[in-house]
Amino acid sequence: MTLPKDQTPDPAQTLRCWHATTQPFAERILAEGLIPREGRIYTSLHPYWPIVLKRDQTRRFTLMGIELPLTGSDAWSFGTDFGLGAWETFLRRPVAAAHIVDRVDGDDDCAWPRFAGARGAARCQPLPALAALDGYDGWFSDPALFSQRCQELALGPDGNRAALAAVYLNHFQPVEESAAMLRRVASGLAHAIVASPTIHPGSLRAIADVLNHKRIDWVGAALQIPLAPLPLPRLALSVALARFATTSAESRDALLRRLRDVLPAPQARRFAAVCGLMQGVLPSVADLADADTETMDAMIDVVRLGQLGTVRGKSALDAIERLPTELADTALLELLRHRRAVPSRARRHLDRKLKRRVPRITPTLTAIANETDGRPRQVARWLLGDGRS
């Protein structure tokens, strides 16, 4: 199926993604919009690879096409808590029904992939064999133009759009061509990681995942970029993501020093304490005595997005407990809200720490029990003595 040239989307203007839901929820979502579950709406950005989880579990589901603006006051960004796989990504706030522009029931095997353009009716084509799920040819009318637009975005000043471009470029095939494209724009993507002031933490993780997966040394490129002071959470997460980069230990250490050296002394000390979490080093209470909300946010982001694993994840939770009491309460509750992003075998450790704090945090736990769903709600109810974890 060939689409008109004006149907090739502009990645600078529009974010297109897929969401799968069980059929009983579909009509309500189409009428009222899509509400985050456990703080997220899980989507897929690859047009040939919509989320297949529901299809694996049951055929009674509906696949929805979402089209969101990337400009203006309603501009969106995306993030990821996962590795590459089928690029399961997330959106963080409700999606109005007007942005859900297409739907197809999972029983309809001939309707994959499918997406409705803003100016036209829904379109569909048969899902090709898995071996043919490469690139964009036949789905976008002009994949070369789309690739060019993505490369321009990856070199541009907007970190969130650079992240979107990186994920799209990752899917161009063959693999050699995809890697070559990303190498051409690696300096721009490295700039987004260490120097873009507004990029969302989840988008930061997405860029690093793509470059690490393609074995591109973004740390080496980042060392050539002039740095200015950035919020401590940004700097700490950059160091956490560099742990998985294809580069030398000397380059990683050099990046850490460069990021630390742009900070004033008190922040540099707190930065060093947060970076210690990645090595399982427990900071002293004195190290965190003057910690502020930036320090707390940095610790939360490192736990959620830094891929610490079980042992370091538990150690990081122990470190968070050493923050001043109010900050520690807030941080642990925030990790409860996003429990799925906590290292899986460290989640019980989080629950036990919250249990000791129940008298102080009861109002927030009650709000989580009433306003969220899934495991955060169940754990909050258990902490309040209503139900089991």
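I want to confirm something. Restricting to the stretch 206-236 and keeping residues that are assigned to a loop (DSSP other than H, G, I, E, B), hydrophobic (A, V, I, L, M, F, W, C) and touching a Leu at 6+ places or on another chain (Cβ under 9 Å), which single residue is nearest to Leu277 (Cα to Cα)?
Leu230
In the stretch 1-27, which residue that is of a type outside the set (S, T, N, Q) and assigned to a loop (DSSP other than H, G, I, E, B) is modelled with the highest pLDDT?
Ala12
Go through the stretch 218-242 and give me each residue that's surrounded by fewer than 16 Cβ atoms within 10 Å (Cβ to Cβ) and either among the basic types (Lys, Arg) or in contact (Cβ under 8 Å) with a residue 60 or more places away in the chain (or both).
Residue satisfying the conditions is Pro231 alone.
Whether any residue in the stretch 247-266 is closer than 30 Å to Thr43 by Cα and either surrounded by 15 or more Cβ atoms within 10 Å (Cβ to Cβ) or out of contact with any helix residue (DSSP H, G or I) (no Cβ under 6 Å at 6 or more places or on another chain) (or both) is what I want to check. Walk me through how you get there before you give the answer.
Restricting attention to the stretch 247-266, the residues satisfying the condition of being closer than 30 Å to Thr43 by Cα are none.
No: the stretch 247-266 contains no residue that is closer than 30 Å to Thr43 by Cα and either surrounded by 15 or more Cβ atoms within 10 Å (Cβ to Cβ) or out of contact with any helix residue (DSSP H, G or I) (no Cβ under 6 Å at 6 or more places or on another chain) (or both).
Considering only the stretch 160-203, state which residues are small (Gly, Ala, Ser) and over 17 Å from Leu241 (Cα atoms).
Ala165, Ser178, Ala179, Ala180, listed by residue number.
Within the set of pairs 6 or more residues apart or between chains, which connect a residue that is at pLDDT below 85 and polar (S, T, N, Q) inside the stretch 56-72 to a residue that is in a strand (DSSP E or B) and surrounded by 12 or more Cβ atoms within 10 Å (Cβ to Cβ) with Cβ atoms less than 8 Å apart?
Thr58/Thr22; Thr62/Ala20; Thr62/Thr21; Thr62/Thr22; Thr62/Arg103; Thr62/Val104; Thr62/Asp105
Condition first: closer than 18 Å to Ile216 by Cα and among the aromatic types (Phe, Trp, Tyr). Now tell me which residues in the stretch 139-171 satisfy that.
Tyr168
Assuming Ala31 fulfils every condition listed in (1) at pLDDT 85 or above; (2) under 16 Å from the mean Cα position of the chain (by Cα) apart from one, which condition is it?
Result: Ala31 fails condition (2) only.
Keeping to the stretch 152-178, report how many residues are buried (at least 17 other Cβ atoms within 10 Å of the Cβ) and part of a helix (DSSP H, G or I).
Result for the stretch 152-178: 15.
The values are calculated or read from the model by the stated rules, or taken from the named source; none is laboratory data. Predicted, not measured: the structure shown is a model, and the values here were computed from it. A quick note on method: Cβ atoms are made from the backbone with ideal geometry, for glycine too, and the neighbour counts reach across all protein chains shown.
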